[in-house]
Amino acid sequence: MSTTKGLEGVVATTSGVSSIIDGVLTYHGYGIDDLADYASFEEVVYLLWNHKLPNKEELSTFNKQLASAAKVPDEVLDQMKMYPIDKVHPMAALRTAVSALALYDEDADEQDETANYQKALKLQAQLPTIVTSFSRIRQGKDPIAPKEDLSFAANFLYMLNGEIPDEVSEKAINKALVLHADHELNASTFTARVCVATLSDMYSGVTAAIGALKGPLHGGANERVMAMLSEIGQVEKAESYIKDALERKVKIMGFGHRVYKDGDPRAKHLREMSRQLTNITGETKWYDMSVKIDEIVTNEKGLLPNVDFYSASVYHSLGIEHDLFTPLFAVSRVSGWIAHILEQFENNRLIRPRAEYTGPDHQNWVPMEKR
Ligand code: ACO
């Protein structure tokens, strides 16, 4: 048996949801640059689930379906108030709350197409409510229900802050959501597919995926990028900080990628957003510091920024708490997880690879008193 550490280069499934070919990312054949510039997040979700762009009427129906699925069961919100609010990370809270959603959905274990589509709508619509409610609960504030006449992006900020956001912030969140929606067979998506390939339910698949996204080598990197920027504090200190870290073989969060070796096509959009937003807030040091780090890591290690690097300064500029960066990633990526779960169900086979055994052979049983 031959093994490939981390399954690098292994093609584990076929998929029509998104592709990375020669460094170009597409969602169902549509280039990420066009989608980032022109699409609403709702259109992208529709595309990922239905494999076509919606017309006006289809989009309007879809928006209504999402809006009517957004209410999180009161029991789940009440339970959140009992979490150890001061200590718990919002990703752990999100993972727990999404798992709890299944307990209040009578169709949680129904696997027919209609039931799965209803669950898809609920999960997509309720994740932002959970993330924003958790943020408000821990500040001693009441959760806010979404407004039906606001876009998905605007609603996220509205439910978080209690104020209807300005157009610049809404557009920035929309673009970030579009850029994070799907990414071929990334670690959390693979996790979701492995989970539901046992014919487990969609809530289990999404809960498992949240667990995978939480890790710092995956979605958890964006929060750590901001922690690093905050620790460095000023542009002049960036060079010595990064060179020292590289010398000590410390990984610089937000750099490198398993698939992209010539750069992550999403990063340039986030870099430009970071430039514009930090200009608006007047805190240009976050962008300047990021650009400096980008130059140093590229020169020293030949590693390029991934989606998580510039998203940190983007989210910070939008006033989002740093530990909500990864939950916000989940609010977007759940659309991709669901698309892959639906695709997995359509043509399922249990995912069960093998391991090359490296432990000892022929051990003789040793009675307890002789160990
Ligand atoms: N900083 C410093 N060195 C790095 C970095 C980094 N960010 N990334 C990779 N390297 C080095 C490794 O140390 C290794 O060097 P070596 O051969 O001398 O040991 C070499 O580059 C190869 O790195 P691997 O970790 O083997 O690459 P892999 O494909 O397994 O990992 C990963 C990809 C996890 C993204 C990695 O680059 C990393 O840890 N980056 C930092 C975390 C991060 O930003 N994660 C978000 C990824 S995007 C996403 O999931 C949304």
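Observations
- Loop-located trypsin sites (Lys or Arg not before Pro) in segment 1-110 (DSSP state not H, G, I, E or B) with no more than 16 neighbouring Cβ atoms inside 10 Å: K52, K71, K87.
- Cα-based shape type of segment 298-360, given that a ≥ b ≥ c are square roots of the gyration tensor eigenvalues and the cut on a/c is 1.5: oblate
- Average 1/r across all pairs of distinct alpha carbons in segment 238-371, invert it, and you get the Kirkwood radius: 18.6 Å.
- In segment 81-131, the inverse of the mean reciprocal separation of distinct Cα atoms equals 12.0 Å; this is its Kirkwood hydrodynamic radius.
- Counting Lys and Arg as +1 and Asp and Glu as -1 over every other residue whose Cβ lies under 10 Å from the Cβ of V291, the net charge comes to 0.
- Residues in segment 41-56 carry Karplus couplings, in order, of 4, 4, 4, 5, 4, 4, 4, 5, 8, 10, 6, 7, 6, x, 7, 4 Hz; the curve used is 6.51 cos²θ - 1.76 cosθ + 1.60 with θ = phi - 60°, and Gly or Pro positions show x.
- Net +/- balance of residues flanking D105 in space, Cβ distance below 11 Å, scoring K and R +1, D and E -1: -3
- Label point at Q111 placed 7 Å out along Cα→Cβ; residues across segment 342-371 whose backbone nitrogen lies under 16 Å: 342-352
- Ranked from largest to smallest solvent-accessible area, with a 1.4 Å probe on the protein heavy atoms, V194, V45, V168 come out as V168, V194, V45.
- Fraction in percent of alpha-carbon pairs per bin - 10 Å, segment 39-123: 15, 38, 31, 15, 1
- FRET efficiency estimate (nearest 0.05) - Cβ-Cβ, L350 to K64, R0 51 angstrom: 0.85
- Normalising the Debye intensity of segment 22-62 to I(0), with uniform scatterers on Cα atoms only, and taking log10 at q = 0.25, 0.28, 0.33, 0.35 Å⁻¹ returns -0.83, -0.99, -1.21, -1.27.
- Ratio Rg/Rh, restricted to segment 231-271 and using Cα atoms, in which Rh is the Kirkwood radius: 1.04
- Each residue, K237 and Y357, gets one label point 7 Å from its Cα in the Cβ direction; the gap between the two is 5.4 nm.
- In Å², nearest 10: area of Y260 left accessible to a 1.4 Å probe: 10 Å²
- Spin-label pair L246-K81: with each label point 7 Å from Cα along the Cα-Cβ axis, the two points sit 5.2 nm from one another.
- The Cα center of segment 243-297 and the Cα center of segment 316-364 differ in position by 25 Å.
- The GluC sites (Glu not before Pro) found in segment 88-172 that occupy coil by DSSP, while having at most 12 further C-beta atoms within 10 Å, are E106, E148, E163.
- Solution diffusion estimate, µm²/s, Stokes-Einstein, the chain, Kirkwood Rh from C-alpha pairs, 20 °C, viscosity 1.002 mPa s: 99 µm²/s
- For segment 221-317, the Kirkwood hydrodynamic radius from C-alpha pairs, put into Stokes-Einstein at 37 °C and a viscosity of 0.692 mPa s, yields a diffusion coefficient of 251 µm² per second.
- Probing with 1.4 Å while keeping every protein chain in the model, the per residue accessible area of segment 144-218 equals 37 Å².
- Placing a label point 7 Å from the Cα of E283 along the Cα-to-Cβ direction, the residues of segment 132-161 whose backbone N falls under 18 Å of that point are 157, 160-161.
- Loop-located trypsin sites (Lys or Arg not before Pro) in segment 213-307 whose Cβ has at most 16 other Cβ within 10 Å (DSSP): R248, K249, K251, R258, K261
- 222 nm mean residue ellipticity, helices alone, for the chain (DSSP H n ≥ 4; -39,500 (n - 2.57); rounded to 500): -18000 deg cm²/dmol
- Here the label points at L53 and D22, each 7 Å from Cα along the C-beta direction, are separated by 2.3 nm in the simple model.
- The residues of segment 1-79 expose on average 58 square angstrom of accessible surface per residue, using a 1.4 Å probe on protein heavy atoms.
- Net charge of neighbours whose Cβ lies under 11 Å from the Cβ of G219, counting Lys and Arg as +1 and Asp and Glu as -1: +1
- Of K175/K292; K52/K285; K64/K141; K56/K119; K171/K251; K171/K243, those spanning more than 30 Å from alpha-carbon to alpha-carbon: K52/K285; K171/K251; K171/K243
- Expressed in units of 2.2 N^0.38 Å, where N is the residue count, the Cα radius of gyration of segment 160-296 is 1.23.
The values are calculated or read from the model by the stated rules, or taken from the named source; none is laboratory data. As the structure is a prediction and not an experimental result, all values here were calculated from the model. Note that each Cβ is placed from the backbone with ideal geometry, even for glycine, and that neighbours are counted across all protein chains shown. These area figures cover heavy atoms from the full protein model, side chains too; ligands, DNA and RNA do not enter into them. Shrake-Rupley method; radii C 1.70, N 1.55, O 1.52, S 1.80 Å.
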